[in-house]
């Protein structure tokens, strides 16, 4: 059995392409020397270019050359500053230019929040297929904010992350008429342009470098197999996270991954979406990461709790309309989590179970959404099946097996299920379900165990899949993106894992893309998402919240929710 576990783990790693992302690049050594060209010389080059850029009569070629000279000199200076900060343990003061905290709140935020800034040009892409940049004034940077500084990072920002977060920054050097040059590091989430004289220029940006560093920090890709086979070990990356600090002025898009996967499965999709200025203007992307070895009905519980807690933290009075327009996206098994959390009477899912209907019927009532069961041992069950749906404004499914995945019945996959080690708390729940004194559940322990493993709940004949078919869902705009792996014979098509008859639903719209099960990596999917999100933003544009709600302090995230955490007892 141990050898089988090792072989299957290695095989899955090869199939999924799990590999380590490159480390965040250290301060470059050797740093560009000051011996041949000092900081004063660089400032002279920048000043000359800065004056030229103020001239509205420059030709396009002349403006391009001036912008190139300014940015090239500034890039060398930024590399030196980063090296100096690493050597000294803090950012030193300089005689040739100002970095006084009083001059710019951007500099103050930068110094107070970030433990490192990385020139985007030094970030090599590994996970991402394309690099998207925006030309303009300044040097694009990626700021790294450590975990202990993310809660309440700034008055107009909020984040939730277990391993820190990143921010898109642009370094600029301005030249006022009086006094020394002023160095600033500007958050791109707050500012889009800068004035040079009387002319407005866009701030340079590199969105792909931002995403690459983020996934390097989280390292969730390395935990895909761990989340499947030993979900109790996947603690530090479970829950909701956001690439940049929370913005109340954008519509949240919640992305949920599938089986044997992780949040970074959406890396190329988000990279392509970030390239669109209207998408950046209206939306902010959040990820729900979870251990995929446990049943999707259980993970859906954690999903709903995470969303409830997040909104209670950042919008406790439910006054922010951007949250009412929230978009939820689910890929594969993540689509089932999303689908189930949109259901109006989820308790009826139990009608498809092996529980005797005579014993079950008295409990299938809406009052138990708020009212505890008379039998205390049923409380874990109530959390999974008696809940209010997530109130999303739009739902997008990607390669979702609404009617199950036949591959879940294959022998290899069945053998894989036996290797899943569930958290002790779930094992206890399985035992309780099998041995309730009131005989509400006539299951043996092994059958109860199967209720809590994800692969078994993906089988077309599982109680959860068959029960899902009879549930009503909220009436909101819904779109499906479905893969056709090459034959082009829809409705007989398949993405290689989920056939069309399972991913197709009777409501909403759908798009067929030429892709395998990883439809989120397909360029056609990104284009379709741009269209869908663009049309949605035209009807529901992001609203700027003039005064953010007074919010409570977000508690430090310490691992899995209680119902997924491993027992402290051996």
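Worth pointing out:
- The residue list 516, 528, 521, 484 contains one member that is more than 24 Å from the chain's Cα centre (by Cα), closer than 27 Å to residue 130 by Cβ and touching a residue at least 24 places away in the same chain (Cβ under 8 Å), which is 484.
- If you filter segment 496-515 down to residues that are over 20 Å from residue 478 (Cα atoms) and crowded, with 17+ Cβ neighbours inside 10 Å, you find that the one that is modelled with the lowest pLDDT is 497.
- Candidates 336, 307 - the one that is under 17 Å from residue 241 (Cβ atoms) and touching a residue at least 12 places away in the same chain (Cβ under 8 Å): 307
- Residues that are in a loop (DSSP other than H, G, I, E, B), free of Cβ contacts under 8 Å to residues at least 60 places away in the same chain and closer than 19 Å to residue 54 by Cα within segment 175-216 comprise 176, 177, 178, 192, listed in sequence order.
- Any hit, segment 394-407, residues being surrounded by 15 or more Cβ atoms within 10 Å (Cβ to Cβ) and modelled with pLDDT under 75: yes
- Some residue of segment 324-340 being surrounded by fewer than 19 Cβ atoms within 10 Å (Cβ to Cβ), modelled with pLDDT of 95 or more and in a helix (DSSP H, G or I): yes
For (1) modelled with pLDDT under 80; (2) within 18 Å of residue 296 (Cα to Cα); (3) in the same structural domain as residue 394 (by TED's automatic domain parsing), each residue gets a yes or a no:
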| residue | (1), (2), (3) |
| --- | --- |
| 200 | no, no, no |
| 204 | no, no, no |
| 230 | yes, yes, yes |
| 233 | yes, yes, yes |
| 238 | yes, yes, yes |
| 241 | no, no, yes |
| 250 | no, no, yes |
| 253 | no, no, yes |
| 258 | no, yes, yes |
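- Residue match in segment 541-559 (condition: at pLDDT 50 or above and either at positive phi or outside any loop (DSSP other than H, G, I, E, B) (or both)): no
- Filter result for residue 362 (more than 22 Å from the chain's Cα centre (by Cα) and outside any helix (DSSP H, G or I)): no
- The residues on offer are 349, 307, and the sole one that is touching a helix residue (DSSP H, G or I) at 6+ places or on another chain (Cβ under 6 Å) and either in the same structural domain as residue 482 (by TED's automatic domain parsing) or not in a helix (DSSP H, G or I) (or both) is 349.
The values are calculated or read from the model by the stated rules, or taken from the named source; none is laboratory data. The shown structure was predicted, so the numbers you read here are calculated from the model rather than taken from an experiment. For neighbour counting, all protein chains shown are included, and Cβ atoms are generated from backbone atoms with ideal geometry for every residue, glycine included.
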